[in-house]
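In what follows, a structure is listed as structure tokens, so that the remarks can point back to it.
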Amino acid sequence: MRTVLLTGTPVVVSRFVFGTAGLFNSGSEKTRRRLLFSAADAGFTHFDTAPYYGFGLAERDLSCVLKQRPDVTVTTKVGLYSPGGEEQSAAADFMRKASGRLLRAVSRPQVDFSLSRAQRTFEGSLRRLGRDVIDIYTLHDPDLKLIDTDEWLRWLESLIHAGKVRTFGLALTREKAEPFLAAGSQLTRFIQVHDSLDTREADILTRYRKPFQITYGYVSASRRAGSPLPVSEVLRQALERNADGAIIVSTTQPSRLSQYARLVDERTHAS
């Protein structure tokens, strides 16, 4: 799969990034890890995760791939945390997710943008991922009013200086991104933002002269809108829309992984 250097960062990623938000839905630990290795075999060189995904299991599952594939890179996040903590067993995670369908508070993320919590979480992510360095470290869906920007910037810059993070920024929606952009926050050096073919939320980046780096949400937005387009066409148009960056996709079916690489090849030849 073709790779790109994300504008304004030192990080090279595959045009499609494998997202792990729904990884837990693919089944057992063995099945989940087989899916991740299959993604790497299909050409995915970058994985997106967070402490909240699978209540910590997504980071732990990724550790095997990251250990055996040192060329693979990763994004993880800070600010949204798992109810019950990130070290729960798979059985406890399953029970919490099942209960959350009836009582949402049971599985709702804990929001905490205190720096003391972030520092503890960072070390936990390194441990769960089995890595000494996080390639892209983002604040997970933050509100500007919750962030002491200078304090956060000093800490994040110290992580880069120590060689523990390669770049940092924000992972969020358009509504939450605009206050950071309007304020000229240095946290916007990297932005991972929700986008869709119909609403085109990521155009907020163009308005503030920011590049498209990593975008996500195209297939789910298309389904919600009742679009008749097949998934392959939605992703083909997404590649055209974000022509110089990368797009997060996910699946629980290994058989679909090679289709992503073919879409990138088709887009490359067409251009």
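Here's the yes/no breakdown for (1) of a type in the set (Gly, Ala, Ser); (2) within 17 Å of Val133 (Cβ to Cβ):
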residue	(1), (2)
Gly43	yes, no
Phe47	no, yes
Tyr52	no, no
Val65	no, yes
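Tally time: how many residues in region 105-136 are of a type in the set (A, V, I, L, M) and in contact (Cβ under 8 Å) with a residue 40 or more places away in the chain?
Going through region 105-136, the residues of a type in the set (A, V, I, L, M) turn out to be 105-106, 111, 115, 118, 126, 129, 133-134, 136.
Next, only the ones that are in contact (Cβ under 8 Å) with a residue 40 or more places away in the chain stay: 115, 118, 129, 134, 136.
Total meeting the criteria: 5.
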Checklist entry - Among the residues of region 19-37, is there at least one that is in a strand (DSSP E or B) and at pLDDT 95 or above? => result yes
Next on the checklist: Pull out all pairs, ordered by first then second residue, where Cβ-Cβ is under 8 Å, the residues are six or more apart or on different chains, the first lies in region 228-248 and is without any contact (Cβ under 8 Å) to a residue 40 or more places away in the chain and over 12 Å from Val13 (Cβ atoms), and the second is charged (D, E, K, R) and surrounded by fewer than 16 Cβ atoms within 10 Å (Cβ to Cβ).
Outcome noted: Arg236/Glu266
Checklist entry - If you go through region 180-204 one residue at a time, how many are more than 18 Å from the chain's Cα centre (by Cα) and either on the phi > 0 side of the Ramachandran plot or surrounded by 15 or more Cβ atoms within 10 Å (Cβ to Cβ) (or both)? => result 8
Checklist entry - Residues of region 26-62 being among the charged types (D, E, K, R) and within 24 Å of Gly245 (Cα to Cα), which ones? => result Asp41, Asp48, Glu59
Next on the checklist: Anything in region 10-48 that is crowded, with 18+ Cβ neighbours inside 10 Å and among the β-branched types (Val, Ile, Thr)? List them, or say none.
Outcome noted: Val11, Val13, Val17, Thr20, Thr45
Checklist entry - Given Tyr137, Tyr218, which one is in contact with a Phe, Trp or Tyr (Cβ under 7 Å, 6 or more places away or on another chain), among the aromatic types (Phe, Trp, Tyr) and at pLDDT 95 or above? => result Tyr137
Checklist entry - Take the residues of region 210-243 that are out of contact with any Ser or Thr (no Cβ under 8 Å at 6 or more places or on another chain) and among the small types (Gly, Ala, Ser): which is nearest to Thr188 (Cα to Cα)? => result Ser220
Item to check | Single residue of region 136-179 satisfying the filter (surrounded by 13 or more Cβ atoms within 10 Å (Cβ to Cβ) and polar (S, T, N, Q)) that is farthest from Leu126 (Cα to Cα) | outcome: Thr173
Checklist entry - Among the numbered criteria (1) under 28 Å from Gly245 (Cβ atoms); (2) among the aliphatic types (A, V, I, L, M); (3) at pLDDT below 95; (4) surrounded by fewer than 16 Cβ atoms within 10 Å (Cβ to Cβ), which single criterion is violated by Ala98? => result (1)
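The values are calculated or read from the model by the stated rules, or taken from the named source; none is laboratory data. These numbers were taken from a predicted model, which means no experiment stands behind them. Note that each Cβ is placed from the backbone with ideal geometry, even for glycine, and that neighbours are counted across all protein chains shown.
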